[in-house]
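What follows draws every value from the coordinates through simple rules; no lab data is involved. This structure is a prediction, so every number in the text was calculated from the model and none was measured. Neighbour counts run over all protein chains shown; Cβ positions are idealised from the backbone, glycine included.
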Amino acid sequence: MSNRPRQALVRYYVDADLLGVAKILVQIRGDVTHPGDQGGPVKGGRVRAACTITDPATLDEVWIQETARQEWLIITRDRHIQDHRAEIEAVRSSGARMVNLAADDATDRFAQMEVIMCQWRRVCALLDEKGPFIYAVTRTTMRALDLASL
């Protein structure tokens, strides 16, 4: 019998614009990664592999394609997501699944964590949903953006 620890299943990718929050989440959840994450041991004796996106400065079009390939649910923050055509097209063309912290008040780590924690159960439910999609979340709301009209 092998003594090698089992791999943790990563299901969530937290984008570089939430890197402070990402570094908190990887400490308490084995299924979260972020750009530059070196991986390591997680709860339950498992090991999370290093993130395939190594540089937080990786272009949106590149990391969105990679997260879709990995079937990770993206958590990002962009108050003006509807204005970023290349990012929206990358979501559409790759079939990516994205949750976007859209709240104006989610400007610091605590407020960002508050939005994520208030909506966590609803975010988890999106793991079973097929992409492409973008959901805008605030502390109290979650709504799907109409990708066809963006």
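Most simply put, the chain has about 25% antiparallel DSSP beta bridges, counting only bridges with both residues inside it. Of the peptides 14-22, 116-124, the order by per-residue mean of other Cβ atoms within 10 Å, starting with the highest, comes out as 14-22, 116-124. Note on segment 70-150: with charges restricted to the Cβ of Lys and Arg (+1) and Asp and Glu (-1), its dipole about the Cα centre is near 160 debye. Computed from Cα atoms alone, the Kirkwood hydrodynamic radius reported for segment 61-150 is 13.1 Å. The Cβ shell under 14 Å around ALA144 holds other residues with a net charge of +3, Lys and Arg each +1, Asp and Glu each -1.
Residues with beta-carbon under 14 Å from that of LEU9, excluding LEU9: net charge, scoring Lys, Arg +1 and Asp, Glu -1? Show your work: numbers first, answer last.
Numbers: positive: ARG6, ARG11, ARG29, LYS43, ARG46, ARG48; negative: ASP31, GLU71.
Computed value for this residue: +4.
Shown here for segment 51-104: GluC sites (Glu not before Pro) in loop regions (DSSP other than H, G, I, E, B) with at most 15 other Cβ atoms within 10 Å, namely GLU71.
Taking the Cβ of ILE53 as the centre, find all other residues whose Cβ is under 10 Å away and add up their charges (Lys, Arg: +1; Asp, Glu: -1). Write out the running numbers ahead of the final one.
Values: positive: none; negative: ASP15, ASP37, ASP55, GLU66.
The answer is -4.
For the pair segment 89-124 and segment 27-49, the centres of their Cα atoms are 20 angstrom apart.
Rounded, prolate or oblate: pick one for segment 37-87, where a ≥ b ≥ c are the square roots of the eigenvalues of its C-alpha gyration tensor, a/c under 1.5 means rounded, and failing that, prolate if a/b is larger than b/c, else oblate. Since a/c reaches 1.5 and a/b is larger than b/c, the shape of segment 37-87 is classed as prolate.
Seen from every direction in turn and averaged, the convex hull around the alpha carbons of the chain projects onto 9.0 nm². With respect to the chain, whose longest principal axis is taken over its alpha-carbon atoms, helix 85-94 is tilted by about 50°.
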